[in-house]
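Written out below as structure tokens is the structure these notes cover.
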Amino acid sequence: MDFLLEGLFQAVQLLIGGDAETYSAVWATLRVSGYSMGCSLMIGVPLGFCLGYFDFRGKKPLRTMVDTLMALPTVFIGLLVYAFLTRNGPLGDFGLLFTLPGIAIGQTILALPVVIGLTAAAVESMDEKLRIALMSLGANRRQLFLSSLWETRQGILAGAIAAYGRVMTEVGISMMVGGNIKWHTRTITTAIALETNKGQFGMGIALGLVLLAIAFCVNVSVSLLRKRN
Amino acid sequence: MKHAYGGRTVLSIEHLIVAKASIVGLRGPNGSGKSTLLRLLGLIEKPVEGEILFNGQAVEPFSPEGRFRISLLPQEPFLMKRGVFGNVAYGIRIRGDVRDLTGRVHEALSLVGLSGRDFVQRPWYALSGGEAQRVALAARLALRPDVLLLDEPTASVDIPSAERIREAAFKAREEMGTTLVIASHHWQWLYEVCDEVFHLFGGKILGKGRETILFGPWTRFDSGLWGKRFGDQHFIVASRPPSDESAAIVHVGSIEEDNVRVDENDVVLKGTITRINLERNSGRLVATIAVGHQNFIVELTERQTRERTLFPGKDVFVHYCPKKIRWV
């Protein structure tokens with residue numbers, strides 16, 4: 001247990017001391033998760049709304065597929081994205097392999113089914129009376145869509161948090177697509193994996209504490225938002 | 001127009017005209033199509049066949065001609081997850097005309113008997129069912145609609161709220177010329193307040209008047225005739241029904257104080273007057289006669305109205321002709 005306590009002590013020192021390597025990993029994580037969450041929400045929320053709102057042929061199989069994709073292993077996504085972004089791959093010319101945008105592409109693929117599936121679930125559980133009320137008050141199609149989204153905001157927020165949790169804690173995509181390059185593509189999770197392998201528990205624990213702190217801040221913000229709503 | 005769900009026709013109406021600034025009632029049992037008809041008239045759904053014209057123009061969901069001018073108040077109170085002010089102001093805001101928004105919200109709330117000062121900041125979850133339905137009505141009245149469709153407006157609310165809702169609706173008609181279409185199980189009230197009352201059954205309009213519709217199951221009597229019992233001593237006879245699910249449309253004639261047959265083909269029923277209403281449109285008095293557990297509505301003659309010999313609690317006789325019973 002001594003090495004863990006020693007590691008915890010070192011972690012506090014690194015964080016308070018503003019260790020550049022530690023904070024580089026934190027900043028890389030925040031950037032890449034920001035990109036991936038932004039993209040997955042922009043694409044996923046409208047798609048999820050359509051999937052939950054409209055009735056169409058093939059809806060059930062599509063819904064099943066989305067729910068299945070929620071459990072995609074990160075290493076599998078990493079493998080696929082790597083194959084596409086590598087120099088010989090179809091998107092090799094864009095030079096995205098071993099970059100933060102490259103990781104963001106993989107994390108977007110990871111987060112999308114979660115956002116789509118949970119948004120669809122929130123919309124499906126929407127009371128039919130809401131649509132009637134909005135149309136009775138004169139909403140056009142765009143207003144119906146936006147107002148319905150606003151009314152289901154709690155469910156969509158829950159989906160976003162679940163997606164964010166997956167994105168923040170994944171290792172496979174960051175490792176395979178990012179390459180874990182120090183100062184560039186080393187994220188919190190890949191750094192923890194590397195430092196633990198090296199026996200450097202201090203940095204690993206420090207980064208783990210930062211990860212916890214980020215998750216805590218996100219959940220507190222959401223709780224405050226829920227209270228306000 | 002016709003409308004269907006999952007291939008099953010739920011509404012089939014050849015034609016229906018609702019005059020401007022009139023009050024029209026829809027009566028019928030559960031599943032008769034009243035709510036479906038209101039949703040179609042409210043442009044919430046589009047009929048699978050046929051069309052709806054508003055002021056001569058074809059309209060459908062999201063039509064600019066119908067938006068803000070036709071509004072439906074559903075049976076169950078429902079508010080958006082925002083405060084009372086947000087709910088009442090919603091329609092005004094999306095219309096884009098936000099002049100004196102606060103004043104208009106307060107005015108709409110006062111129409112339904114709610115104090116703006118006390119209610120305007122309340123969240124949606126802090127309202128009783130009656131208050132929520134009144135806020136929902138206020139949101140629609142704030143738009144000053146040309147047509148207000150009310151689906152069982154007082155079914156899910158307490159008595160004071162029901163009274164306020166009725167008053168607000170009729171005030172809208174008086175002050176704004178709003179056309180009202182009301183679906184209700186309280187048919188005595190409908191006949192009291194409406195210019196016309198349409199009777200729906202099985203998705204069709206069977207008539208507009210005081211006919212009584214009787215539902216199965218039907219019993220075959222020893223005489224070979226078919227009919228229905230209303231309690232131990234009372235029953236009605238008719239020809240054989242097409243099926244057990246068939247309904248019979250019965251037109252009951254005038255009220256007699258003695259057991260006399262007006263026509264030799266008539267059958268006489270003994271009942272008790274339970275209520276006498278003033279019919280708004282015609283200005284005539286109509287009586288509700290309880291024959292066993294079945295109610296019939298009969299218009300009083302001018303003589304009966306003048307002489308005032310009929311009153312609730314009095315035993316009377318009504319007659320009908322079995323041959324004139326229509327099966328649907």
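The values are calculated or read from the model by the stated rules, or taken from the named source; none is laboratory data. Keep in mind the model is a prediction, meaning the values are calculated, not measured. Ideal geometry is used to build each Cβ from the backbone, glycine not excepted, and the neighbour counts take in all protein chains shown.
Here is a yes/no grid of residues against (1) small (Gly, Ala, Ser); (2) touching a Ser or Thr at 6+ places or on another chain (Cβ under 9 Å); (3) crowded, with 16+ Cβ neighbours inside 10 Å:
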{"residue": "B:LEU127", "(1), (2), (3)": "no, no, yes"}
{"residue": "B:GLY130", "(1), (2), (3)": "yes, yes, yes"}
{"residue": "B:ARG134", "(1), (2), (3)": "no, yes, yes"}
{"residue": "B:ALA138", "(1), (2), (3)": "yes, yes, yes"}
{"residue": "B:ARG144", "(1), (2), (3)": "no, yes, yes"}
{"residue": "B:LEU149", "(1), (2), (3)": "no, yes, yes"}
{"residue": "B:THR154", "(1), (2), (3)": "no, yes, yes"}
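Restricted to strands (runs of 3 or more DSSP E) entirely inside region B:199-238, those with at least 1 residues that are touching a strand residue (DSSP E or B) at 6+ places or on another chain (Cβ under 9 Å) and β-branched (Val, Ile, Thr) are B:204-207, B:212-215, B:235-238. Taking the listed residues B:VAL98, B:VAL88, B:VAL112, the one that is at pLDDT 95 or above and more than 17 Å from the chain's Cα centre (by Cα) is B:VAL88, with no other qualifying. Listed by position, the helices (runs of 4 or more DSSP H) inside region A:97-152 whose residues that are more than 9 Å from every other protein chain (Cβ to nearest Cβ) and either touching a strand residue (DSSP E or B) at 6+ places or on another chain (Cβ under 6 Å) or at pLDDT below 95 (or both) number at least 2 are A:100-124, A:141-151. Of the residues making up region B:103-155, just one is within 12 Å of chain A (Cβ to nearest Cβ) and hydroxyl-bearing (Ser, Thr, Tyr), namely B:TYR125.
Taking the conditions (1) within 14 Å of A:ARG166 (Cα to Cα); (2) within 14 Å of chain B (Cβ to nearest Cβ); (3) β-branched (Val, Ile, Thr) in turn, A:THR74 satisfies each one other than (2). Restricting B:GLY231, B:GLY224, B:GLY177, B:GLY203 to those that are at pLDDT 90 or above and out of contact with any Leu (no Cβ under 8 Å at 6 or more places or on another chain) reduces the list to B:GLY177.
With respect to A:GLY7, determine if the residue is closer than 27 Å to A:ALA193 by Cβ, free of Cβ contacts under 8 Å to residues at least 24 places away in the same chain and part of a helix (DSSP H, G or I). Answer is no for this residue.
Exactly one residue out of B:PHE78, B:PHE85 is in a helix (DSSP H, G or I), assigned by TED's automatic domain parsing to the domain that holds B:LEU43 and not basic (Lys, Arg): that is B:PHE85.
Residues that are within 14 Å of another protein chain (Cβ to nearest Cβ) and in a loop (DSSP other than H, G, I, E, B) within region B:16-55 comprise B:GLY42, B:LEU43, B:ILE44, B:GLU45, B:LYS46, listed in sequence order. I'd like the full set of residues that are β-branched (Val, Ile, Thr) and in a loop (DSSP other than H, G, I, E, B), limited to region B:153-181. The answer is B:THR154, B:VAL157, B:THR178.
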